Amino acid sequence: MSTETVLVTGASSGIGLELARCFAAEGCRLILVARKGIALEALAAELRKAHKIQAQVFTADLAHRDAPNRLLAHLQAAGIKVDVLVNNAGFGAQGKFAELPLERQLDMLQVNITAVVHLSGLLLPGMIERRRGGVLNVASTAAFQPGPGMGIYYATKAFVLSFTEALAEELAGTGLTATAVCPGPTRTNFGAAAGGRFKRVTGRYSMSAAAVARLGHRAFRSGRVVAIGRD
């Protein structure tokens, strides 16, 4: 089988960065997407050197509605066909819904839900036609219950989980798979960005970003639909 091309969103840090390392270690070609171009370039250089792979960078803010279309145009112009889509980009905000800035929460919906659907819709038809690849979505254990004080974030992850499970069923027999990895508290910069109590989620009950990435990568490669916590 020829080398796969894997697109990873939110690849500049945390779980996305570690997932990029997992796929690079297999020799996959990488398309690294995030807002922070300097960090992406540093990761691409690291992976090229360590694994002798091709790694390209596309700087984009998925809170912008046109970002997925611009990314697709870039891929088409370069003649790149994506085999695996890793929807990792996402963020949260802690506070009561009525008290948080509405624009911030609408941006969260755009990144955590709309961009996931948009990228999947743009890239899945080609994967199905080639009968190879799939989608790995980063959800959360937040997907399994409501989250007062962080209601929009929890709801977005519930959507990601439900969407992934439906996709997995629809993709049966196509040669493709869909996986949702649902980590609990993870040691990344997510907590600092979200604010409030999430700044204090550390210690023996949290996972490292690398451990979450290994969990998700193994689950995807084995065709599991959902991988939770420390599975």
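Kindly indicate the residue of segment 91-112 that is among the hydrophobic types (A, V, I, L, M, F, W, C) and within 20 Å of residue 186 (Cβ to Cβ) and also farthest from the chain's Cα centre (by Cα) among those meeting that condition.
Filtering first and then ranking leaves 93.
Pairs please, first residue from segment 72-92 and of a type in the set (Gly, Ala, Ser), second anywhere and surrounded by fewer than 23 Cβ atoms within 10 Å (Cβ to Cβ) and assigned to a strand (DSSP E or B), Cβ atoms under 9 Å, 6+ apart in sequence or on different chains.
Note: pairs meeting the criteria are 78/56.
Show the residue pairs that are 6+ apart or on different chains and have beta-carbon atoms under 6 Å apart, the first residue being within segment 40-63 and basic (Lys, Arg), the second being crowded, with 17+ Cβ neighbours inside 10 Å.
From residues that are basic (Lys, Arg), the pairs are 48/55.
Restricting attention to segment 195-227, which residues are modelled with pLDDT under 95 and farther than 14 Å from residue 14 by Cα?
Those that are modelled with pLDDT under 95 and farther than 14 Å from residue 14 by Cα: 195, 196, 197, 198, 199, 200, 201, 202, 203, 204, 205.
Counting only residues that are part of a strand (DSSP E or B) and out of contact with any His (no Cβ under 8 Å at 6 or more places or on another chain), which one in segment 55-73 is nearest to residue 45 (Cα to Cα)?
Here the residue is 55.
Quick check on residue 21: is it without any contact (Cβ under 8 Å) to a residue 12 or more places away in the chain and not in a strand (DSSP E or B)? I'd like the intermediate steps shown before the answer.
Working: without any contact (Cβ under 8 Å) to a residue 12 or more places away in the chain: no; not in a strand (DSSP E or B): yes.
So residue 21 does not fit the description; no.
Let's see how each residue does on (1) part of a loop (DSSP other than H, G, I, E, B); (2) more than 22 Å from residue 132 (Cβ to Cβ):
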| position | (1), (2) |
| --- | --- |
| 11 | yes, no |
| 50 | no, yes |
| 53 | yes, no |
| 75 | no, no |
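Per-residue answers, yes or no, for (1) touching a strand residue (DSSP E or B) at 6+ places or on another chain (Cβ under 9 Å); (2) over 23 Å from residue 161 (Cα atoms):
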| residue | (1), (2) |
| --- | --- |
| 36 | yes, yes |
| 39 | no, yes |
| 42 | no, yes |
| 48 | yes, yes |
| 88 | yes, no |
| 116 | yes, no |
| 129 | no, yes |
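Between a first residue in segment 163-184 that is over 23 Å from residue 114 (Cβ atoms) and a second residue that is of a type in the set (Lys, Arg) and exposed (fewer than 15 other Cβ atoms within 10 Å of the Cβ), which pairs have beta carbons less than 6 Å apart while being 6 or more apart in sequence or on different chains?
Between residues of segment 163-184 that are over 23 Å from residue 114 (Cβ atoms) and residues that are of a type in the set (Lys, Arg) and exposed (fewer than 15 other Cβ atoms within 10 Å of the Cβ), the close pairs are 175/131.
So if I check each of 28, 22, which one is within 20 Å of residue 134 (Cα to Cα) and in contact with a His (Cβ under 6 Å, 6 or more places away or on another chain)?
Just a single option satisfies the conditions, and that option is 22.
Inspect segment 97-110 for any residue being touching a strand residue (DSSP E or B) at 6+ places or on another chain (Cβ under 7 Å) and closer than 23 Å to residue 167 by Cβ and give the result as yes or no.
no
The values are calculated or read from the model by the stated rules, or taken from the named source; none is laboratory data. Quantities reported herein were computed from a predicted structural model and do not represent experimental measurements. Counting neighbours? That spans all protein chains shown, and the Cβs are built from the backbone with ideal geometry, glycine included.
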